[in-house]
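Undergrad: Quick one: this structure, given as structure tokens, is what I'll be asking you about.
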Amino acid sequence: MQKRLLKVAIATALTVAFAAPAFANPFSDVPAKHWAYAAVNKLAQAGVVDGYGDGTFRGDKTITRYEMAQIVAKAMNKDLNSDQKAIVDKLAKEYAVELNNLGVKVEGMQNQIDNMVKFSGDARVRYYNADNVDNSTDKDSTEYRVRLGATAKVNDTTSLYARITSGSASIGAQNADASIDNAYATTKILGLSTKIGRQDYSLGQGMLAGAGSVAIINGVSVSEGNFMAVGGKETNGTSMVNTYGAQYNFKFATAPISLAYLNQDKKDFYAAGTSFNLFPGFKVAGEYAKNETDNAKAYQVKASLGKTGLSVAYKDVERGAVPFDSALNLKSSGGILGDFRSVAEATGKAKGMEYEYNADLAKNTNLNLLYQDIKDAGKNVRATVNVKF
């Protein structure tokens, strides 16, 4: 069979006997006496083949894989008998990549795609400027970070995840270490969603862990509904310490409430937070934290102005009230000393205002601007551009 008749040959091989009445010749270059006329006629009326805008079929033209994929995609949407479906299924598998690019899901192929390793990540550039605790000099730091994560599905209940992180060092440094900062398995144990390994975690609105400050633990976390618990070891900035905690979320009237507990290095921390719409377009959130062991307290109140991306907050923190992985710790590798937690640790207390602006610059690209004015300790500026991919 000649290659130039490939389109007609494949159309004939489909032999999709669509129930359709005879109608006028759809293509000027396929005469009624042509051996493939009947097949082409039926396929055209069934909407499987369209031909070209000038009314021709061009059966002597070599077909592309994408053109064939379009034909197969249309055939897949038709009512077929078992023999016809077997032929179309074979063609669908052959042209699965092209069909996937066209947005057509192929039975079987979609499961293969879902089971493949999937990659995701983010890259950010961040600039800091902060006054020292003694307010004598300024500190500047420009940092970058790139993270790449991979998820591999094992079965319907189990998957593996690993993330490589590079950067978080001042630009201009000769080397930026790369490390695996996440490596864990997710599965079901006794009906609980369980993560085992090195993983991020967050508690409440972030005064105890996460939510703006990366908190990573080597251990196990379990969750079910509104409850989450985590335990293992993590760094407190200088050494690995035993850490375990839990969180429970519920609603009081229409306001969400979060209660969190953290034991880190034999110290007990508690936190309670809520948020609600004071009136349309004006959201208020607040969190209270306490180090029960050292009898130290901290709280923050934050108001967000609708969809403007603007927010203003007041924070009051005593020495020891929040742990190292609190969101109150900016954790700049450039040696920033002026954030709320470091000021409280150095002077005994830190309080002041924080102003923030968030905006999506483009799809998956976010800008965050943070300004802190800490009483008797100086001012901080942080600008971050983060891109997800």
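Undergrad: So which pairs qualify, if the first residue must be in the stretch 230-246 and without any contact (Cβ under 8 Å) to a residue 60 or more places away in the chain, the second must be in a strand (DSSP E or B) and among the basic types (Lys, Arg), the Cβ gap must be under 9 Å, and the two must be at least 6 apart or on different chains?
TA: If the second residue must be in a strand (DSSP E or B) and among the basic types (Lys, Arg), the pairs left are Val230/Lys195; Gly232/Arg198; Met240/Lys233; Val241/Lys233; Asn242/Lys233; Thr243/Lys233.
Undergrad: Then there is this: Restricting to the stretch 301-324, what's the tally of residues that are over 27 Å from the mean Cα position of the chain (by Cα) and outside any loop (DSSP other than H, G, I, E, B)? Show your work before the answer.
TA: The first filter runs over the stretch 301-324 and keeps only residues over 27 Å from the mean Cα position of the chain (by Cα), leaving 301, 314-322.
Next, only the ones that are outside any loop (DSSP other than H, G, I, E, B) stay: 301, 314-318.
Counting residues in the stretch 301-324 that are over 27 Å from the mean Cα position of the chain (by Cα) and outside any loop (DSSP other than H, G, I, E, B) gives 6.
Undergrad: In the stretch 349-371, what count of residues is obtained for those that are touching a strand residue (DSSP E or B) at 6+ places or on another chain (Cβ under 7 Å) and free of Cβ contacts under 8 Å to residues at least 40 places away in the same chain? Please lay out each step first, then the result.
TA: Residues of the stretch 349-371 that are touching a strand residue (DSSP E or B) at 6+ places or on another chain (Cβ under 7 Å), as a first pass: 349-361, 364-371.
From what is left, the residues that are free of Cβ contacts under 8 Å to residues at least 40 places away in the same chain are 349-352, 360-361, 364-371.
Within the stretch 349-371, residues that are touching a strand residue (DSSP E or B) at 6+ places or on another chain (Cβ under 7 Å) and free of Cβ contacts under 8 Å to residues at least 40 places away in the same chain number 14.
Undergrad: Based on what the data block shows, is Ser193 at pLDDT 90 or above, more than 23 Å from Phe340 (Cα to Cα) and more than 17 Å from the chain's Cα centre (by Cα)? Don't jump to the end; show me each part of the working.
TA: Numbers: at pLDDT 90 or above: yes; more than 23 Å from Phe340 (Cα to Cα): yes; more than 17 Å from the chain's Cα centre (by Cα): yes.
It is true that Ser193 is at pLDDT 90 or above, more than 23 Å from Phe340 (Cα to Cα) and more than 17 Å from the chain's Cα centre (by Cα).
Undergrad: Search the stretch 81-106 for residues being surrounded by fewer than 18 Cβ atoms within 10 Å (Cβ to Cβ) and within 12 Å of Arg65 (Cα to Cα), and hand back the single one that is modelled with the lowest pLDDT.
TA: Leu102
Undergrad: In this structure, does Glu345 turn out to be on the phi < 0 side of the Ramachandran plot, acidic (Asp, Glu), in contact (Cβ under 8 Å) with a residue 24 or more places away in the chain and open to solvent by 50 Å² or more (accessible area, probe 1.4 Å)? Let's see the steps before the verdict.
TA: Working: on the phi < 0 side of the Ramachandran plot: yes; acidic (Asp, Glu): yes; in contact (Cβ under 8 Å) with a residue 24 or more places away in the chain: yes; open to solvent by 50 Å² or more (accessible area, probe 1.4 Å): yes.
Criteria met by Glu345.
The values are calculated or read from the model by the stated rules, or taken from the named source; none is laboratory data. Just so you know, these numbers come straight off a predicted model, no measurement behind them. Methodologically, a virtual Cβ is constructed for each residue, glycine included, from the backbone with ideal geometry; neighbour enumeration extends over all protein chains shown. Quick note on the areas: whole protein, heavy atoms, side chains included, nothing else; ligands and nucleic acids left out. Shrake-Rupley method; radii C 1.70, N 1.55, O 1.52, S 1.80 Å.
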